Amino acid sequence: MRIEEMTSKEFADAVKRDPIVFLPMGAIEAHGIHLPLATDCYQPEALCEKLADELDGLLAAPIRYGHHSSTRNMPGTIGVESETLKALVMDILLSFSRNGISKLVVVSGHAGTIHMSAIKDAAEEVVRLTDMKLMVLSDYDIAYKFPIERDPECPDGHGGLIETSRVLAVRPDLVKSKRAKGKFKDPKFMITADPERLYPQGMVGDAPKATAELGKEIDFYIFEHMVDLVRANFRKGK
């Protein structure tokens, strides 16, 4: 059930059964020459819709902007500062709490370190201020555990084999046939003002090997793990 499509009364009635709300978060960000800017949005939104259906929960309207570091200077990357993101997430979570929601899962398709820290900081403050039970993670916390053969010379990452395959599974119409094979230049602990130089192709991994079939396998792998996680952490009496 999509919250944005419900009436006020329908939402109030749904809250009475104490549902889990799933909040997908993404980002508008460069992903090489072959993937759309909303790559990080399509993946968690599809996942959260399935989770809400499976677990009789509610699907919140997505947040499609996030914080960027390594891609912030690339064409098409549109972001917010970490303080802005934290404030936004905190306001939304507190608003859900005021509406009677007691259980909520945030799934971010964008897994940048500062981005995730901002979300977690907001969630930690909310659980100190309310009785809400909160889970925060990126679907890539699970996706990168999927057993595939990894090329030591070209490790998989942003816009690579896994991510391209997942977008092929949910929005094949937006994936270009011309794909690069990208490598990451290790800065050796140095801080750079131009982090995009570390990604010469704007992505990392063997994207040409991506398939929709692999993407569907990975998505199901994530879905199964998420169902188990949510059931274990939100079961009645816990």
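The values are calculated or read from the model by the stated rules, or taken from the named source; none is laboratory data. Keep in mind that this is a model prediction, so the values were computed, not measured. All Cβ positions, glycine included, derive from the backbone under ideal geometry; neighbour counts span all protein chains shown.
Table: residues versus (1) out of contact with any Asp or Glu (no Cβ under 6 Å at 6 or more places or on another chain); (2) farther than 30 Å from ARG179 by Cα; (3) hydroxyl-bearing (Ser, Thr, Tyr).
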| residue | (1), (2), (3) |
| --- | --- |
| GLU5 | yes, yes, no |
| LEU23 | yes, yes, no |
| ILE28 | yes, no, no |
| PRO62 | no, no, no |
| LYS86 | no, yes, no |
| LEU93 | yes, yes, no |
| VAL107 | no, no, no |
| MET116 | yes, no, no |
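Of the candidates ASP156, ASP121, ASP151, the single residue that is in contact with a helix residue (DSSP H, G or I) (Cβ under 8 Å, 6 or more places away or on another chain) and modelled with pLDDT under 95 is ASP156.
Annotation: of all residues in region 116-145 being aliphatic (A, V, I, L, M), assigned to a helix (DSSP H, G or I) and closer than 20 Å to THR84 by Cα, the one that is farthest from the chain's Cα centre (by Cα) is LEU129.
Applying a threshold of 7 Å to beta carbon distances and a minimum spacing of six or more residues, or different chains, the list of pairs starting in region 48-65 at a residue that is over 19 Å from SER138 (Cβ atoms) and ending at one that is modelled with pLDDT under 95 reads LEU58/MET1.
Select from region 26-37 the residues that are touching a helix residue (DSSP H, G or I) at 6+ places or on another chain (Cβ under 8 Å) and touching a residue at least 60 places away in the same chain (Cβ under 8 Å) and write down the one among them that is farthest from GLY112 (Cα to Cα). Of everything passing the filter in region 26-37, HIS34 is farthest from GLY112 (Cα to Cα). The residues on offer are LYS216, LYS176, LYS209, LYS181, and the sole one that is in contact with a Cys (Cβ under 7 Å, 6 or more places away or on another chain) and either in contact (Cβ under 8 Å) with a residue 24 or more places away in the chain or within 15 Å of PHE146 (Cα to Cα) (or both) is LYS181. Here LYS176 passes the criteria (1) in a loop (DSSP other than H, G, I, E, B); (2) of a type outside the set (Asp, Glu); (3) in contact with a strand residue (DSSP E or B) (Cβ under 8 Å, 6 or more places away or on another chain); (4) crowded, with 16+ Cβ neighbours inside 10 Å except the one numbered (4).
Screening GLY160 on (1) buried (at least 23 other Cβ atoms within 10 Å of the Cβ); (2) within 28 Å of ILE92 (Cα to Cα) shows it passes everything except condition (2).
Here GLY205 qualifies as within 15 Å of HIS34 (Cβ to Cβ), at pLDDT below 95 and buried (at least 18 other Cβ atoms within 10 Å of the Cβ). For region 81-109, a residue qualifies if it is in a loop (DSSP other than H, G, I, E, B) and surrounded by fewer than 18 Cβ atoms within 10 Å (Cβ to Cβ), and the qualifying residues are GLU81, ASN99, GLY100, SER102.
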